[in-house]
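Nothing in this text is a laboratory measurement; each read-out follows from the coordinates by a stated rule. Because the structure is a prediction, the values reported are computed rather than measured. Positions of Cβ are backbone-derived with ideal geometry, glycine not excepted, and every protein chain shown enters the neighbour counts.
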Amino acid sequence: MNNSLKFTLVASATLVTSLLPSFASEDLYKTKCLMCHQAGGVGIPNAFPPLAESEWVNGPAENLIRIQLRGLTGEITVKGKKYKSMMPPNVAMTDAEIASVLTYVRSNFGNKAGAVTADMVKALRDEVGKPMLTVKDLKDPEKAAAEEKKKEPAKEETKKEETKAEPKKEETKEKE
Ligand code: HEC
């Protein structure tokens, strides 16, 4: 093999590898979620709920991780429509893969929610093997959002009174 061909091969392999993380999360979506939740995460009426602009997808990350690890059954309302079916758990995926596909779903299809890390998944690994989840096991995304809002004005008030407590609050915010 001549040197310039070798160089081209190495260069293109490097390029492919550098692009891999973004391809990988999309590929994971295609192989692990698309057959049910469809392209663009639009779902199928009365069968598979949408991931696009779903209040669950944009709600607490913990819910999404637990759904992957334990599956979900029973009735769930998504974007005002009821679904009553079953999603099997995805235990064969690694922590990093679950983090990657959930981050992909939370930042595509019109969703604007924060990234999910492998550590967040790892912290919930002991969920594996427990019975399938139903909605009542999940954190209500509306309540979670309302609680976030409630916290905000409270923080504002305390800010005015005691500026000293500020750095602490910033820390808590970052941890969330
Ligand atoms: C075999 C089909 C199937 C596959 C594969 C599947 N799901 Fe689901 N998913 C469902 C069904 C059905 C529900 C609703 C379950 C119910 O009715 O209780 C659901 C619910 C959900 C929900 C909560 C409701 C919503 O729409 O926001 C999320 C989030 C979710 N799935 C994400 C995923 C992700 C991410 C993947 C891929 C890693 C995936 N699902 C793979 C069938 C599937």
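Amide hydrogen proximity for Gly74: with H placed 1.01 Å from N in the peptide plane, the residues at 5 or more positions away or on another chain lying under 5 Å are Ser85. Neighbour counts of other Cβ atoms within 10 Å put Ile67, Ile44 in the fewest-to-most order Ile44, Ile67. Residues in segment 100-117 carry Karplus couplings, in order, of 5, 5, 5, 4, 4, 5, 6, 10, 10, 6, x, 8, 9, 10, x, 5, 10, 9 Hz; the curve used is 6.51 cos²θ - 1.76 cosθ + 1.60 with θ = phi - 60°, and Gly or Pro positions show x.
As a proxy for reagent exposure, ranking Asp137, Asp119 by other Cβ atoms within 10 Å from fewest up yields Asp119, Asp137.
Among the trypsin sites (Lys or Arg not before Pro) in segment 52-96, those placed in a DSSP loop whose Cβ has at most 15 other Cβ atoms within 10 Å are Lys79. Note on Lys143 and Lys112: their simple-model spin labels are 2.7 nm apart, each label 7 Å out from Cα toward Cβ.
For segment 67-84, the Karplus equation 6.51 cos²θ - 1.76 cosθ + 1.60, evaluated at θ = phi - 60°, returns couplings of 4, 5, 7, 10, x, 9, 9, x, 7, 9, 9, 10, 6, x, 10, 8, 10, 9 Hz by residue, with Gly and Pro reported as x.
What whole-number distance in Å separates the alpha-carbon centres of segment 58-78 and segment 105-141? Segment 58-78 and segment 105-141 have Cα centres spaced 6 Å from each other. Applied to segment 34-39, the Karplus parametrisation 6.51 cos²θ - 1.76 cosθ + 1.60 on θ = phi - 60° returns per-residue 3J(HN,Hα) values of 4, 4, 9, 7, 6, 4 Hz, with x for Gly and Pro. In this structure, the amide hydrogen of Leu138, modeled 1.01 Å from its nitrogen in the peptide plane, lies closer than 5 angstrom to no residue at least 5 positions away or on a different chain.
May I ask you to sort Val121, Val78, Val128 by Cβ crowding, counting other Cβ atoms within 10 Å and putting the fewest first? It would help to have the intermediate numbers written out before the result.
Working: Val121 25, Val78 17, Val128 12.
So the residues, fewest neighbours to most, are Val128, Val78, Val121.
What length, rounded to one decimal in nm, is gained on full extension from Val135 through to Asp119, with 0.36 nm per residue of separation minus their alpha-carbon distance? Mind dumping the intermediate values first?
Numbers: separation 16, 0.36 × 16 = 5.76 nm, distance 2.41 nm.
Full extension of this stretch gives 3.3 nm more.
How would you classify segment 101-157 from its alpha-carbon gyration tensor, with a ≥ b ≥ c the square roots of the eigenvalues: rounded for a/c under 1.5, else prolate if a/b is greater than b/c, otherwise oblate? Don't jump to the answer; show the numbers that get you there.
Values: a/c = 1.92, a/b = 1.43, b/c = 1.35.
Here segment 101-157 falls in the prolate category.
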